[in-house]
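**Q** Below you'll find the structure I mean.
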Amino acid sequence: MAHTFDFAVLRLVPDVARGESVNLGVVIFRDGEIDVRLGEVLSRARTLFPELTDNDLDSAVAILKRLGNVALSSRERHRALASVGAFALGDLGSFSVNDERPESYQSQVEMLLATFVAAPRSTILRAKGPSRLATEVRKVFRKEKVLATIGDVGAISEHKIVPEWPIPSRPSIRADLALRNSVMRVCELVDLDLVDDGPPPPALFEGVVTLDVAQREVQAEQRVFAYRAKGPAARIDEALAIARMHASEVVDWNRPDQRESFIHQWVTAAR
């Protein structure tokens, strides 16, 4: 049975007049309780609020939970917790989980953190590097003479396929492939190495977050999640269920029909 949860981004706002803030985590409103998750952003937060300590964060979380664990609607609790000291909640949003498994809920929460919570500077500056699949796909498009150089922003207006294209308004996020010709296309190329237990690989969440940002920031109509997977069928299905919620098309690179159709579409658009 599907479940829908309301959530809000937890922000540090040390000086409202200056308009500075940093996203610390997310607050998920559950029945009669709230789930508070923090990202690894304490060093970033201290640039705005040098006096901030782990104890300050722990105290804020404790206050939020004490005030939020009541039998009121999400909207009422959100209104009551909108501002607690130097901490504030963003607008109310929602997400859905398709089943009752804890790992499905956890996957959605991890995606929210990856999407909304500021990453440490070292993470932003560290390039993720191409996957094995990305290297293989680039080789195909290079042979067809439709591949631009890595990160060539200008080539997007020349109908070339741009690898590691920086999204203009969010340059720290790079689409594995981008192409604009009549419509905006982005593609994430992911090697899914799955095991029986443990969370889905980070590459899955990096891919779907990039697709979401591309849809929001550059109105990407075609959002392709191309993958090559190994592991138990149940784990692969679980990962693809997440991908399908964010991609307009999912391509199994191991299936010749899907692979050739994808290549044909992009090469034709690039020419």
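**Q** Which of the residues that make up region 239-271 are closer than 18 Å to Val140 by Cβ and either in contact with a Leu (Cβ under 8 Å, 6 or more places away or on another chain) or of a type in the set (A, V, I, L, M) (or both)?
**A** Val251, Trp253, Ile263, Trp266, Val267, Ala269, Ala270
**Q** Still on this model: Those residues that are open to solvent by less than 50 Å² (accessible area, probe 1.4 Å) and either out of contact with any helix residue (DSSP H, G or I) (no Cβ under 7 Å at 6 or more places or on another chain) or aromatic (Phe, Trp, Tyr) (or both), I need them from region 71-97; list them, please.
**A** Within region 71-97, Ser74, His78, Ala82, Ala86, Phe87, Ala88, Gly90, Gly93, Phe95 meet the criteria.
**Q** Looking at the structure I just gave you, is Leu67 of a type outside the set (Gly, Ala, Ser), open to solvent by 80 Å² or more (accessible area, probe 1.4 Å) and farther than 19 Å from Val13 by Cβ?
**A** no
**Q** In addition: What about Val213, is it open to solvent by less than 10 Å² (accessible area, probe 1.4 Å), β-branched (Val, Ile, Thr) and under 19 Å from Leu113 (Cα atoms)?
**A** It is true that Val213 is open to solvent by less than 10 Å² (accessible area, probe 1.4 Å), β-branched (Val, Ile, Thr) and under 19 Å from Leu113 (Cα atoms).
**Q** Got a sec? Which of Glu100, Glu40, Glu51 is modelled with pLDDT under 80, under 30 Å from Tyr227 (Cβ atoms), open to solvent by 80 Å² or more (accessible area, probe 1.4 Å) and not in a helix (DSSP H, G or I)?
**A** Criteria check complete, one pass: Glu40.
**Q** Then there's this: What number of residues within region 218-271 satisfy the criterion of being over 25 Å from the mean Cα position of the chain (by Cα), aliphatic (A, V, I, L, M) and open to solvent by 30 Å² or more (accessible area, probe 1.4 Å)?
**A** 0
Per-residue answers, yes or no, for (1) in contact with a Gly (Cβ under 8 Å, 6 or more places away or on another chain); (2) in a strand (DSSP E or B):
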position: Pro166; (1), (2): yes, yes
position: Ser172; (1), (2): no, yes
position: Phe205; (1), (2): no, no
position: Val209; (1), (2): no, no
position: Asp237; (1), (2): no, no
position: Trp266; (1), (2): no, no
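The values are calculated or read from the model by the stated rules, or taken from the named source; none is laboratory data. As the structure is a prediction and not an experimental result, all values here were calculated from the model. A quick note on method: Cβ atoms are made from the backbone with ideal geometry, for glycine too, and the neighbour counts reach across all protein chains shown. Quick note on the areas: whole protein, heavy atoms, side chains included, nothing else; ligands and nucleic acids left out. Shrake-Rupley method; radii C 1.70, N 1.55, O 1.52, S 1.80 Å.
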